Each structure stands twice: as C-alpha cells, then as structure tokens.
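The values are calculated or read from the model by the stated rules, or taken from the named source; none is laboratory data. What you see is a predicted model; the values in this text were computed from it and never measured. Heads up, the Cβs are rebuilt from the backbone with ideal geometry, glycines too, and the neighbour counts pull from every protein chain shown. Areas reflect the complete protein model, heavy atoms only, side chains present, ligands, DNA and RNA absent. Shrake-Rupley method; radii C 1.70, N 1.55, O 1.52, S 1.80 Å.
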Amino acid sequence: MTAAFKTLDDFDLDRKRVLVRVDLNVPVKDGKVSDATRIERVAHTIQEIANKGGLPILLAHFGRPKGKVDPEMSLKVVVDALHRIIGKPVHFASTDWTDVSEAKTVIDGAESGSVVLLENTRFHPGEEKNDAALVATMASLGDLYVNDAFSAAHRAHASTEGLAQKLPSAAGRAMEAELKALEKGLGNPQKPVIAIVGGAKVSSKIDLLENLVSKVEALVIGGGMANTFIYALGYDVGKSLCERDLKETALRIMDKAEEARCALILPIDGVVAWHFKADTPSRVYGLDAIDKDGMVLDAGPQSVEKIKTAINEAKTIVWNGPLGAFEMTPFDTATVEVARHAAERTRKGFLTSVAGGGDTVAALAHAGVKDSFTYVSTAGGAFLEWMEGKPLPGVDALKRG
C-alpha cells in the first residue's frame, strides 16, 4: 500500500511553503487543551518540515461550525499546546477563508524554523463541499501539500482531497505510519488473521462485519452486539441490549461467514447483572440459562478462554470495540483480559496487533496496554470505514499518478 504514496522523502523541502493537513480537533477544557494526543501524533511531521528548511502551514478543522465563523471554535485555542509540543514558534493567522490577505502576511513574515497555524477550515462552507474556488484559495498559500490527518481521510473535503489534486502531494509521517499499520492489518497481513468487533449495536457495524468475514480467518463478536447474534440462534437474552429486529441480518452474516470459511466466535457464557451500574451484583450464566430479568454486560470466563485460544493461533489481530461494558467494574474483565493477552503475544513477537476506534482506544488504555499493541489508531470514523473496505478519498488522492 505505502509504495503507492509519496512521502516527505520524495521532496526537497528547503524554502518551500508546505500546507500540512493535520488533526487538531482536540478536547478543550477551561480554554486549554486537555488531551494533546492528536497534536503529539503530528509533531514529527511538523518538526521535520521546519528542520529541513520548509515552512509548515497547518490546516485543520475544529468542531462543527457548519460553514460559519464561530469564535468558540477558533483554532487559536491550540496555539500554546502546539508550541509546547513541537518546540517551535507558532504564528496564528486569522481568516474566514473568503479573504486570506492576513494569512499571506503572516506566512510571508514567518521566520525560518517557525510554524504557521491557519484558522478553522470549516469556517467556510466550501470546505465540506470540496469547493474548487476554496481549494484554489488554499493552494495559493503553499508550494506543496502534505496530508498527515488519516482521521479526516474518509471525507472528500477541500483540505483533505481537493488540495491533493491541486498541488504536489505527499503523506506525512503519521499518515505514513498509519498506512503501513493498516497494510499489516488487512491489506497484506500475516495469516491467520483474527478480528475482534465489539460495541453496542449490530446496526452500526453491518458493513464492517460483512466485509470482515471475507477477509479474516476468525471473527470474534462481543459487547452488546453479540446479544443480537445469540438471540438469532434462539437463546433468550433476557433484558440485555439486543436488536431483535436484526435477527435476519445476524443470520445472514453467520451464513456469509460459513461460506467464506471464517470461524465466527460468539460468547458461550455471559456475566449477567440486574442493574446497569458499576459493582452491582452479578453472576455467570451459560447461554441456555440466562435469567429473563437479567442483562448480559460482559463475556464470561469460558468465552474469554475461547478468544484467547483463537488469538494464540493467529499471527495478526485487528480490533474494534470492547467485549463488554468496560467502563464499569467488574464488566471490564473480558476486555481487559483479552487485551492483555493480545498485548503479551505482541510483545513476544508472535502477533501483529492493530486496533482503532474511540471506545477501543479507551478500553486498551484502561487495560494498560495501549502502548503494547503494534499500532493503535486514533482515527475513529476513518479507521472504521477502512475496516469496512470503503474507499478513503483523502488517501486515494495521494496515490501516485
């Protein structure tokens, strides 16, 4: 996959104005960045461009201003965090993207080794419409374009897809690392491959499940969505979260898995509680004996051992979604145990492990193994669409002509 893309190594960056699409859509509390993970991910690219004599000019969105200027969603709030993390002067240029004269003045006056941050790209309605006029305006500010925001690559926006068509383009270091990891996950993985898909609802992951059964040797289904499959097999899941109207969908996915010779691994026991809250009384039930007044909130110990055994037989794991209500003890047990087992296999060199999605990242962090997986994507929607096998416009636009 990555051979199809140019990188920073393919360009002479000295004295070049480099438009860099980054993800700075970070959480803010009391006027300060409260989690700088996304800034840290793109710091290497920004620093490398500046160190090689180029001027990084950062493009990013922040929140959902819906094409209008909203001071509450100004990117000025991230300037201090940017400066602290990249260790270089950061000049902020305000613009509503209809008049970029101030941006040009700031860019022209920026000293060597500094960075320019432009205002929220979504302050202009043409950003999300991939408007040609806005693309031309943005392109007028730079000589080269670098996309380092995989998390926005599933959107065909002016700053993600349009600019890549307008200027000589490359993938930044974070994008490059993400593409390499995804190639190892599903593009050209070491087999056997096992996928773990959890979360609350089947309805949000139908495309994902249907794509995976044709790509992997084993598919683990966990979380609340597993209840729908268990119900489809004829079991009573009591008051558990269950999309009963998707019974036929679940059966269709099971049939597709059988046709593709993909082993579908469902829970064989569950941790049942009668109240949806932490540390509430619970007990383990087999699938044929779930209390009609109870809720399955986690996979049981037999299910965990079954998943561990499947991981032992795999060389690659791709993970999206927790196996239970991991935010509440003791219903985090299955997710934590399986995550730690996968991490241990990874550390020993037996497994390539790729994970992504907001809940997944939080779950792996909760288990204390986020840094022990081969790669953990913070991309959210883009990671999910990649797992679904859908084209990513921001990535496709970077492919060599």
Those residues of the stretch 26-39 which are touching a residue at least 40 places away in the same chain (Cβ under 8 Å) and either outside any loop (DSSP other than H, G, I, E, B) or not hydrophobic (A, V, I, L, M, F, W, C) (or both), in sequence order: Val28, Gly31, Lys32, Val33, Thr37, Arg38, Ile39
Subset of the stretch 48-77 (residues that are open to solvent by 50 Å² or more (accessible area, probe 1.4 Å) and within 19 Å of Ile107 (Cα to Cα)): Asn51, Lys52, Lys76
Close pairs (9 angstrom Cβ cut-off, 6 or more residues apart or separate chains): more than 9 Å from Leu24 (Cβ to Cβ) and part of a helix (DSSP H, G or I) in the stretch 72-87, β-branched (Val, Ile, Thr) and open to solvent by 40 Å² or more (accessible area, probe 1.4 Å) anywhere: Val77/Val28
Residue check, Val78 over 26 Å from Arg15 (Cβ atoms) and within 25 Å of the chain's Cα centre (by Cα): yes
Any hit, the stretch 72-84, residues being farther than 17 Å from Arg21 by Cα and at pLDDT below 95: yes
Sole residue being within 29 Å of the chain's Cα centre (by Cα) and open to solvent by 10 Å² or more (accessible area, probe 1.4 Å), chosen from Leu233, Leu251: Leu251
Given (1) touching a residue at least 60 places away in the same chain (Cβ under 8 Å); (2) under 23 Å from Ser74 (Cβ atoms); (3) out of contact with any His (no Cβ under 9 Å at 6 or more places or on another chain); (4) open to solvent by 40 Å² or more (accessible area, probe 1.4 Å), number of the condition Lys104 does not satisfy: (1)
All positions within the stretch 373-401 that are out of contact with any strand residue (DSSP E or B) (no Cβ under 8 Å at 6 or more places or on another chain) and part of a loop (DSSP other than H, G, I, E, B): Glu388, Gly389, Lys390, Pro391, Leu392, Gly401
Complete set of residues in the stretch 108-129 that are open to solvent by 30 Å² or more (accessible area, probe 1.4 Å), over 20 Å from Gly394 (Cβ atoms) and not in a helix (DSSP H, G or I): Glu111, Ser112
Candidates Thr105, Thr95, filtered to the one that is more than 24 Å from Asp396 (Cα to Cα) and in a loop (DSSP other than H, G, I, E, B): Thr95
Test for Phe150: is it closer than 16 Å to Val22 by Cα, open to solvent by less than 60 Å² (accessible area, probe 1.4 Å) and in contact with a Lys or Arg (Cβ under 7 Å, 6 or more places away or on another chain): no
Filtered residue count, the stretch 150-161, keeping only those that are in contact (Cβ under 8 Å) with a residue 60 or more places away in the chain, of a type outside the set (S, T, N, Q) and in a helix (DSSP H, G or I): 3
Those residues of the stretch 252-288 which are at pLDDT below 95 and more than 20 Å from Ala310 (Cβ to Cβ), in sequence order: Asp288
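Could you check, for the stretch 347-370, whether at least one of its residues is among the charged types (D, E, K, R), modelled with pLDDT of 95 or more, in a helix (DSSP H, G or I) and open to solvent by 50 Å² or more (accessible area, probe 1.4 Å)? If you could, list the steps in order and put the result at the bottom.
Within the stretch 347-370, the subset among the charged types (D, E, K, R) is 347-348, 359, 370.
The next check asks that each one be modelled with pLDDT of 95 or more; those that pass are 347-348.
Filter once more, so that each one left must be in a helix (DSSP H, G or I): 347.
With open to solvent by 50 Å² or more (accessible area, probe 1.4 Å) added as a condition, the list becomes 347.
Yes, the stretch 347-370 contains at least one residue that is among the charged types (D, E, K, R), modelled with pLDDT of 95 or more, in a helix (DSSP H, G or I) and open to solvent by 50 Å² or more (accessible area, probe 1.4 Å).
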Of all residues in the stretch 371-396 being under 14 Å from the mean Cα position of the chain (by Cα) and hydroxyl-bearing (Ser, Thr, Tyr), the one that is modelled with the lowest pLDDT: Thr378
Listing of strands (runs of 3 or more DSSP E) fully contained in the stretch 255-340 that carry 2 or more residues being touching a residue at least 60 places away in the same chain (Cβ under 8 Å) and either open to solvent by 10 Å² or more (accessible area, probe 1.4 Å) or charged (D, E, K, R) (or both): 295-299
Which listed residue, of Ala136, Ala171, Ala158, is within 13 Å of Leu59 (Cα to Cα) and modelled with pLDDT of 95 or more: Ala158
